[in-house]
Amino acid sequence: MAGQGLSTDEVQGIREALAAGRKPKVVFTAAAGQMAGQLGQVVELTDPQVSEEFVVVRFGRDELPFSPTDVAIAPKGAGRRPAEPKPEPEPPIEAAPAEPEFVLDTPAVPAPRREEPRVEQQAEPKPARRPVKAVKPKGPAGLTVTLAYAEGEWTVAAQQGAKALAKPYVVKPAEALRMVALVDVPGVQEAVEQILAAERAEAEQQAEKLRAELAEIEARLAELREAR
């Protein structure tokens, strides 16, 4: 009887054998139901992320998908027909010596025909066809939108799977705050508000410093004007 299904290493071995042009033999396990113990050939390995039944097996004229638990590696020599023994020739039957008889008085009797025994071949029952399950179409790749803050600037980037849809570009702090407000996560919104408050305080300090410097420059300018 078949084993417990294909391991990860055996699936990889089958993938390499298919790439080399071979079609490995497998035997159906008890998980395959009525087909348990029957032999088949793996003709293709589809994407396991699309469907768990990614092992396509040729069974007779059908090619059906199965999961790795439904099949196992067939033992060596499986599927070969044993050589039929040749019948031994029967020894010739020695005829008894014929006694002299009158040909005109005895009618000729034809020799009985020897009938060969007929061997009736019983047709093997065909296994029930397993219904082919529809393969689910593969959905689109995931979309990731990233809002980041670094070195005093807010940036937004978008990526779908491994493809970058939008490289990081700078947005205003007010726009960043509106984006975060759409996500109802208090912890994230508080973190953004703290960053904006720190930037606001730093900007106010710089503004005060510039106002003081501007006041000194204007006072100096006034003194120079009075000196004329």
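Bear in mind that the values in this text are calculations on the coordinates, not laboratory data. The shown structure was predicted, so the numbers you read here are calculated from the model rather than taken from an experiment. FYI the Cβ positions are ideal-geometry reconstructions off the backbone, even for glycines, and counts take in every protein chain you see.
For Gln205 and Glu193, compute 0.36 nm times the residue count separating them, minus their Cα-Cα distance, and round to one decimal in nm.
Details: separation 12, 0.36 × 12 = 4.32 nm, distance 1.83 nm.
Length gained, Gln205 through Glu193: 2.5 nm.
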Applying the gyration tensor rule to the Cα atoms of the stretch 134-192 (axes a ≥ b ≥ c; rounded if a/c under 1.5, else prolate if a/b exceeds b/c, else oblate), the class is oblate
Which ³J(HN,Hα) values, rounded to whole Hz and listed in residue order, are derived for the stretch 57-69 from phi using the Karplus coefficients 6.51, -1.76 and 1.60 in 6.51 cos²θ - 1.76 cosθ + 1.60 with θ = phi - 60°, glycine and proline given as x? 10, 8, 10, x, 9, 9, 10, 10, x, 9, 8, x, 7
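Suppose R0 equals 22 Å. What FRET efficiency, 1/(1 + (r/R0)^6) with r the Cβ-Cβ distance, do Gln41 and Thr69 give to the nearest 0.05? Present the calculation step by step, with values, prior to reporting the outcome.
Numbers: r = 18 Å, r/R0 = 0.83.
With a Förster radius of 22 Å, E is 0.75.
Using a Förster distance of 25 Å, how high is the FRET efficiency between Ser7 and Asp62, based on the Cβ-Cβ distance and rounded to 0.05? Each step should come with its number before you reach the end.
Working: r = 25 Å, r/R0 = 1.02.
That gives a FRET efficiency of 0.45.
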Pair Arg220, Glu52: separation of 7 Å Cα→Cβ label points (nm): 7.9
Rounded to the nearest 0.05, what FRET efficiency is calculated for Lys76 and Val145 with R0 set to 45 Å and r the Cβ-Cβ distance? 0.25
Give me the number: length gained by fully extending Glu175 to Glu213, i.e. 0.36 nm times residue separation minus the C-alpha to C-alpha distance, one decimal in nm. 10.5 nm
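For the stretch 157-216, just say rounded, prolate or oblate: build the C-alpha gyration tensor, square-root its eigenvalues into a ≥ b ≥ c, call rounded for a/c under 1.5, and beyond that prolate if a/b exceeds b/c, oblate if not. Please report the intermediate quantities before stating the final value.
On the way: a/c = 4.48, a/b = 1.96, b/c = 2.28.
Since a/c reaches 1.5 but b/c is at least a/b, the shape of the stretch 157-216 is classed as oblate.
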